[in-house]
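Read the structure below first, then the notes.
The values are calculated or read from the model by the stated rules, or taken from the named source; none is laboratory data. No experiment lies behind these values; they were computed from the predicted model shown. Cβ atoms come from the backbone with ideal geometry, glycine included; neighbour counts cover every protein chain shown.
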Amino acid sequence: MPKRITPLSEVKVRNSKPLDNAYKLYDGGGLFLLVTPSGGKLWHFKYRFDEKEKKLSFGTYPEISLADARQRREEARQKLAHDIDPGALKRAQKQAAIAETETFEVIAREWHNRQSAVWVPAYADKMIKSLERSIFPWLGQLPIKEIKAPELLMALRRIESRGTLDTAHRMRFVCGQVFRYAIATGRAERDPATDLRGALTPFKEKHHAAITDPKEVAPLLRALDGYEGHYVVRAALRLAPMFFVRPGELRNAEWAEMDLDEAVWNIPALKMKMKESHMVPLCRQAVVILTELKELTGASKYVFPSGRSFARPMSNNAILAALRRMGYDKDTMTGHGFRAMARTILDEVLQMRPDFIEHQLAHAVKDPNGRAYNRTAHLEERKKMMQKWADYLDGLKAGAVVIPLQTAKG
């Protein structure tokens, strides 16, 4: 006849003390409390399934009370009555929960949230939308550690089929970053994107279309001055070649960043691609345009507000659309092209120091010791350069003699 077990009491469980060796306090029905030498109190349920003795953990005391442990015991015994192994079921549920939190989409969004801290908002938004459109529908719900090269290649081939080869290559790189983040956080073992080198259709990278020949720049500048569309867009078009900032930096410019008295535009780090604040010296011509523009848009937060609402900046397509209306197609000139125009002519025609140009383009420039220069580096020289650049542009518009690029340095 089996020995009768006296059920535990909450007092006995609470007052149990550790000994040199672990010991068990039985409650009956397979439930017992394991008291360890270190003072831990662990609830376990001992049972038999398929003629094998097994053990199931219910957690620790006092987080799991005696009443809680008994309730879990009864739930486990009910499963046994229906020929279900409670231990195997718990493991399966745990694995399913882990798989649900370790899918490609979950980890990609986690990676994106962390990276967004050092990205400009527009780039972060573009990145997540690309993943949502091109990758998540096919790989998003798969556990990341189960994704192999063929599955990733299939998703990228779908992008290729749309004729966007550059996007397919870019998304292979992005997916590789997500896989490497998963490896670093212990949720994947390798990056299958590395196995796809050479598997995608090659493509020739296209740079932003830009007019860099001074003979062609002159009529472009005259077209910008004569633009008959919205006044705010016309002002942005006239300032774009003078500033040669990135299009997003121009359209999101705020009056609070403009110091017209000191003739400088201070762009905060949050808006910059490199997450470093940037100073744009304002030439005399720019100050005149901005002073006139402030009479119209000064009540707005933005220098170039939307035509529909002062609460929003100008559309990111406004400059591009205006160029198209003037007859400059996507293969001839883009909003980003003003940067290439300035870089080329400042170097090859005006023969400015390359590091001054790179500073003004807000590129990473380092001193001889490898340290990054701060935003005020060479500020006086850059002020002179920006004024000389604006005067040169005025000369082109007025029909000054143009020095050909190929002989400019000679």
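Points worth noting:
- Residue among ALA108, ALA97 that is out of contact with any Pro (no Cβ under 6 Å at 6 or more places or on another chain) and modelled with pLDDT under 90: ALA97
- Of the residues making up the range 172-185, those that are out of contact with any Lys or Arg (no Cβ under 9 Å at 6 or more places or on another chain), surrounded by fewer than 23 Cβ atoms within 10 Å (Cβ to Cβ) and in a helix (DSSP H, G or I) are PHE173, VAL174, GLY176, GLN177, ARG180, ALA184.
- The residue of the range 60-79 that is farthest from VAL35 (Cα to Cα), among those that are in contact with a strand residue (DSSP E or B) (Cβ under 7 Å, 6 or more places away or on another chain) and surrounded by 15 or more Cβ atoms within 10 Å (Cβ to Cβ), is ALA76.
- Residue identified as among the hydrophobic types (A, V, I, L, M, F, W, C), surrounded by fewer than 19 Cβ atoms within 10 Å (Cβ to Cβ), in contact (Cβ under 8 Å) with a residue 40 or more places away in the chain and under 30 Å from SER277 (Cβ atoms) among ALA149, ALA117, ALA122: ALA122
- If you go through the range 133-145 and keep only what is part of a helix (DSSP H, G or I) and closer than 17 Å to ASP166 by Cα, you end up with ARG133, SER134.
- Residue, farthest from THR194 (Cα to Cα), within the range 133-180, restricted to residues that are touching a helix residue (DSSP H, G or I) at 6+ places or on another chain (Cβ under 7 Å) and acidic (Asp, Glu): GLU160
- Of the strands (runs of 3 or more DSSP E) entirely within the range 1-63, those holding at least 1 residues that are assigned by TED's automatic domain parsing to the domain that holds LYS79 and farther than 23 Å from ARG91 by Cα occupy 23-28, 31-35.
- Test result for LYS275, over 15 Å from TYR231 (Cα atoms) and not in a strand (DSSP E or B): yes
- Candidates are the residues of the range 287-305 that are aliphatic (A, V, I, L, M) and more than 33 Å from the chain's Cα centre (by Cα); the one that is nearest to HIS378 (Cα to Cα) is VAL287.
- Going through (1) at negative phi; (2) within 26 Å of the chain's Cα centre (by Cα) one by one, LYS275 falls short only on (1).
- When each of MET242, MET314, MET258 is tested for being over 25 Å from the mean Cα position of the chain (by Cα) and under 21 Å from ALA223 (Cβ atoms), the lone residue that passes is MET242.
- THR194 in a helix (DSSP H, G or I) and hydroxyl-bearing (Ser, Thr, Tyr): yes
- Here the condition is being in a helix (DSSP H, G or I), in contact with a Ser or Thr (Cβ under 7 Å, 6 or more places away or on another chain) and closer than 30 Å to ALA269 by Cα; of ALA124, ALA108, it holds for ALA124 alone.
- Summed over the range 152-184, the residues that are β-branched (Val, Ile, Thr) and either touching a residue at least 12 places away in the same chain (Cβ under 8 Å) or touching an Asp or Glu at 6+ places or on another chain (Cβ under 6 Å) (or both) give a count of 4.
- Residue check, GLU249 under 24 Å from the mean Cα position of the chain (by Cα) and at pLDDT 90 or above: yes
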